[in-house]
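The values are calculated or read from the model by the stated rules, or taken from the named source; none is laboratory data. As the structure is a prediction and not an experimental result, all values here were calculated from the model. Glycine also receives a Cβ, built like all others from the backbone with ideal geometry; neighbour counts cover every protein chain displayed.
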Amino acid sequence: MRVLVTGGAGFIGSHIVELLLEHGHDVAVIDNLSTGKEENVPKGARLYPVDLTSWRIQEVLAAERPEVIIHQAAQIDVRRSVENPAMDARVNIIGSINLLEHAREFGVQKVVYASSAAVYGNPLSVPVAEDHPILATSPYGVSKYVVERYLYVYRELYGIDFTVLRYANVYGPRQDPLGEGGVVAIFTHRLAKGLPVTIFGDGEQTRDYVYVGDVARANLLALTQGGGEVVNISCAREVSVNQLLQIMQDVTGVQATVHWAPKRPGEIDRSALANDRARRVLGWRPSVTLAEGIERVFAYERASL
Ligand SMILES: NC(=O)c1ccc[n+]([C@@H]2O[C@H](COP(=O)([O-])OP(=O)(O)OC[C@H]3O[C@@H](n4cnc5c(N)ncnc54)[C@H](O)[C@@H]3O)[C@@H](O)[C@H]2O)c1
């Protein structure tokens, strides 16, 4: 299949590109390299260093004529979205509309879209199923959800199919430990360097950590399955920051020095996403345990020292 991956030079996108190539797909990548890196793009994929909001998206679609677009490119920094909601909306909403308009022009059949647990906000109950109310508490959460609705509209108006994948907390090799990246990337990076880690609040806040290779596999399955569906991609397991650190110490044999800091305002206390629908409509289930995944990230961090 001819597949275009936006954000293919980023953390999750580059793993998707790798898996698509392994399965014999023809892959092109659009990425403005703002947080992504050229060296993340596997050989065999064609990289177009183009911004989502640019008119040049049309040129790329005209040249590549993809059958499916896997749309990962986004501004992903929740705090930046709070500081500058217009910037967040320009990239995540206007950029996505620009992509969809040209997708329609060039006969794209389907869009697989990276949405987020952020659309649910502070969950009313855990684990969160897909029909949980949308209570996003950040401009980022809102912009991710708005694009989901545009996908419905484009399906109704123009027959472009979609699958929305709402990711829980994704972790794995190549996640940036220095940016806003996840706690797994930050902690493993610091453990590998022998640096202390900071826990905000009492460390009992929970998240649902899903391995990037499993997320890539969900995208691969969504090429042909889950049409018109919104699907959580998660392990459906709550893990506290304290538990996470314990697993890391057990797996790596490194004892962390912990600095405690006050709870960050607006931080969600509990989060985990139900994944029954992913099992049903995609035939997907997570395959990498947290301990195995952490071992892989730690090996990657060690090798990059
Ligand atoms: N990492 C997570 O835990 C997580 C959780 C839920 C959802 N998501 C979603 O998954 C997707 C991928 O996230 P990631 O963690 O790999 O982040 P990332 O920053 O590594 O990847 C995003 C990519 O998009 C590119 N990009 C950003 N703005 C662009 C623009 N205007 N034009 C073209 N390219 C642009 C970046 O250069 C980068 O390569 C995002 O849509 C994000 O919202 C991630």
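The set of residues in region 156-174 being of a type in the set (A, V, I, L, M, F, W, C) and either within 8 Å of the ligand (Cβ to nearest atom) or free of Cβ contacts under 8 Å to residues at least 12 places away in the same chain (or both) consists of Leu157, Ala168, Val170.
Per-residue answers, yes or no, for (1) in contact with a strand residue (DSSP E or B) (Cβ under 8 Å, 6 or more places away or on another chain); (2) farther than 24 Å from Glu83 by Cβ:
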residue	(1), (2)
Lys110	yes, yes
Ala118	no, no
Thr137	no, no
Gly141	yes, no
Ile160	yes, yes
Gly172	yes, yes
Pro196	yes, yes
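Regarding Tyr140, is this residue within 11 Å of the ligand (Cβ to nearest atom) and of a type in the set (Phe, Trp, Tyr)? Give the derivation first.
Values: within 11 Å of the ligand (Cβ to nearest atom): yes; of a type in the set (Phe, Trp, Tyr): yes.
Taking the combined requirement at face value, the residue satisfies it.
Within the option set Gln175, Gln225, being in a loop (DSSP other than H, G, I, E, B) and surrounded by 21 or more Cβ atoms within 10 Å (Cβ to Cβ) holds for one residue only, Gln175.
Return the only residue of Gln109, Gln75 being away from the ligand (no atom under 14 Å from the Cβ), in the same structural domain as Gly24 (by TED's automatic domain parsing) and of a type in the set (S, T, N, Q). On inspection, the qualifying residue turns out to be Gln109.
For region 185-216, taking the residues that are β-branched (Val, Ile, Thr) and within 14 Å of the chain's Cα centre (by Cα), the one that is surrounded by the most Cβ atoms within 10 Å (Cβ to Cβ) is identified as Val210.
Counting only helices (runs of 4 or more DSSP H) that fall entirely inside region 1-108 and contain at least 3 residues that are over 16 Å from Asn219 (Cβ atoms), the qualifying elements are 56-64, 78-83, 85-89, 95-105.
Quick check, is Pro286 surrounded by 20 or more Cβ atoms within 10 Å (Cβ to Cβ) and in a loop (DSSP other than H, G, I, E, B)? Before the answer, list the steps.
Details: surrounded by 20 or more Cβ atoms within 10 Å (Cβ to Cβ): yes; in a loop (DSSP other than H, G, I, E, B): yes.
Answer is yes for this residue.
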